[in-house]
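Worksheet: one structure, shown below.
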Amino acid sequence: MKPEEILEQTRKLIVEHADGDTDKWWYANRYVFARLGLDERKTKTGIKRELFDANKPCHYCEKPFETRRNVHLHRLDQTKGYSKNNCVLMHAECHQQCHAESKMEESSVLEEKEAVLVKRSRRYDDMPFLYWWDISPSLANSWDRFDMVEFLKKDSGERCVVPPAALKGFLTPDRQTARKAKSWGVKVLKDHQDELAFEPGTGKAGKYLFLPVIWINEQEED
Ligand SMILES: [Zn+2]
């Protein structure tokens, strides 16, 4: 069975189980999601421990670790999964530096959560909008690598997830802005807080378009 088919089957089972009850659907969906995530974290913890026990220094700065806190696993080949052979340890800061150098802002996120692209925004208090994410054309060209795009509010930790297919219709050439790289602007406006607002851009469209979203905020279980 292919991974897509496993996912399809699982979705069907959850729908059957819920039998129209939205609470039951939510609980079962969340349960499976959280447990599978936990499985992955356990795998990572095991690999981390093995690498620690082998006394490997930081792969980036080559200094030994003084503590086990703030140490990250880094996959040498980003297209492959977590295994002892594909993983090294790095100080959290070194890890960040390492990804910054590869000039892929989004890659560290890819590593943590496969196929979910996370866009982060600080809060703006002195503007007609509260949050603002830019989407560059080069990113929009690689949408198909992701199952979901997550828009994250850095201050509150609130996030919404949108499938790339749902964004495509908003990211048309006439809605590109005059900003660097002709990126598209996605915002949360003060008077439209339950929607993502897509900037009008330089074309003749002239109006914001809105996509309703649900903001969620959960503590990660561990
Ligand atoms: Zn280091």
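Tabulated results
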{"item": "Which numbered condition Val161 misses (of (1) of a type outside the set (S, T, N, Q); (2) open to solvent by 60 Å² or more (accessible area, probe 1.4 Å); (3) closer than 15 Å to Arg120 by Cβ; (4) part of a loop (DSSP other than H, G, I, E, B))", "result": "(4)"}
{"item": "In region 164-183, the residues that are outside any helix (DSSP H, G or I), open to solvent by 20 Å² or more (accessible area, probe 1.4 Å) and in contact (Cβ under 8 Å) with a residue 40 or more places away in the chain", "result": "Phe170, Arg179"}
{"item": "Subset of region 70-97 (residues that are within 11 Å of the ligand (Cβ to nearest atom) and open to solvent by 30 Å² or more (accessible area, probe 1.4 Å))", "result": "Asn70, His72, His91, Glu93, Gln96, Gln97"}
{"item": "Inter-residue pairs, beta-carbon under 8 Å, first closer than 20 Å to Arg41 by Cα and without any contact (Cβ under 8 Å) to a residue 60 or more places away in the chain and in region 54-74, second away from the ligand (no atom under 11 Å from the Cβ) and part of a strand (DSSP E or B), 6+ apart", "result": "Leu73/Cys87; His74/Cys87"}
{"item": "Checking Asp191 against (1) open to solvent by 60 Å² or more (accessible area, probe 1.4 Å); (2) more than 21 Å from Asp126 (Cβ to Cβ); (3) acidic (Asp, Glu); (4) out of contact with any Ser or Thr (no Cβ under 9 Å at 6 or more places or on another chain), the condition it does not meet", "result": "(2)"}
{"item": "In region 19-69, the residues that are within 24 Å of the chain's Cα centre (by Cα), loosely packed, with under 13 Cβ neighbours inside 10 Å and within 16 Å of the ligand (Cβ to nearest atom)", "result": "Arg69"}
{"item": "Where Ala100 falls short, out of the listed (1) closer than 23 Å to Phe151 by Cα; (2) at pLDDT below 85; (3) away from the ligand (no atom under 16 Å from the Cβ); (4) surrounded by fewer than 13 Cβ atoms within 10 Å (Cβ to Cβ)", "result": "(3)"}
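The values are calculated or read from the model by the stated rules, or taken from the named source; none is laboratory data. Please read these numbers as outputs of a predicted model, since none were measured by experiment. Reconstructed Cβ throughout: ideal geometry from the backbone, glycine too, with neighbour counts over all protein chains shown. All accessible areas refer to the heavy atoms of the entire protein, side chains included, with ligands and DNA or RNA removed. Shrake-Rupley method; radii C 1.70, N 1.55, O 1.52, S 1.80 Å.
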